[in-house]
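The values are calculated or read from the model by the stated rules, or taken from the named source; none is laboratory data. Quick caveat, the model's predicted, so the values are computed rather than measured. Every residue, glycine among them, receives a Cβ derived from its backbone with ideal geometry; neighbour counts consider all protein chains shown. Side chains included, ligands, DNA and RNA excluded: accessible areas come from the protein's heavy atoms. Shrake-Rupley method; radii C 1.70, N 1.55, O 1.52, S 1.80 Å.
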Amino acid sequence: NQVTVQEIPNRFDLSQNYPNPFNPSTIIKYDLAENVNVTMKIYNIAGQEVATIVSGFQEAGSYQVRWDGTNNFGSKVAAGLYIYRLEAGPFTSVKKMMLIK
């Protein structure tokens, strides 16, 4: 039997979402170099929190999460520029994405 071991990333990383611009949904990939508490939030351009799409403890590895353009209440958000922020232990990164209608 062959065992495939996924290599643990040697650094934290947040990738640009794709597709970008997007409609109706987009994928965000990120890498965790160690086991940490992870939070990913989406903010509008005014800096208001729109959605929390990741929250909790995750083991080191590579992840991807899909955002379907809805807020924390399940309502579709308006077209426009959004910011996503990953906080993972000592690592914080912020990127922008565009939702089109």
If I compute solvent accessible area with a 1.4 Å probe over the protein chains, what percent of it on region 9-87 is carbon and sulfur? 45
Please state the charge dipole magnitude for the chain, taken about the Cα centre, from unit charges on C-beta atoms (+1 on K and R, -1 on D and E), reported in debye and rounded to the nearest 20. 460
Whole-number accessible area per residue in Å² for the chain, which is evaluated in the context of all protein chains at 1.4 Å: 61
Relative contact order of the chain, defined on C-alpha pairs under 8 angstrom at six or more residues apart (%): 30
Could you calculate, for region 37-79, the ratio of the Cα radius of gyration to the Kirkwood radius, expressed as Rg to Rh? 1.02
Provide the per-residue ³J(HN,Hα) series for region 46-59, in order, calculated from phi with Karplus coefficients 6.51, -1.76, 1.60 and θ = phi - 60°, each as a whole number of Hz, with x at glycine and proline positions. 7, x, 7, 5, 9, 7, 10, 9, 9, 7, x, 7, 10, 7
How would you classify region 1-76 from its alpha-carbon gyration tensor, with a ≥ b ≥ c the square roots of the eigenvalues: rounded for a/c under 1.5, else prolate if a/b is greater than b/c, otherwise oblate? prolate
For residue 12, residues with placed amide H under 5 Å, excluding near neighbours: 33
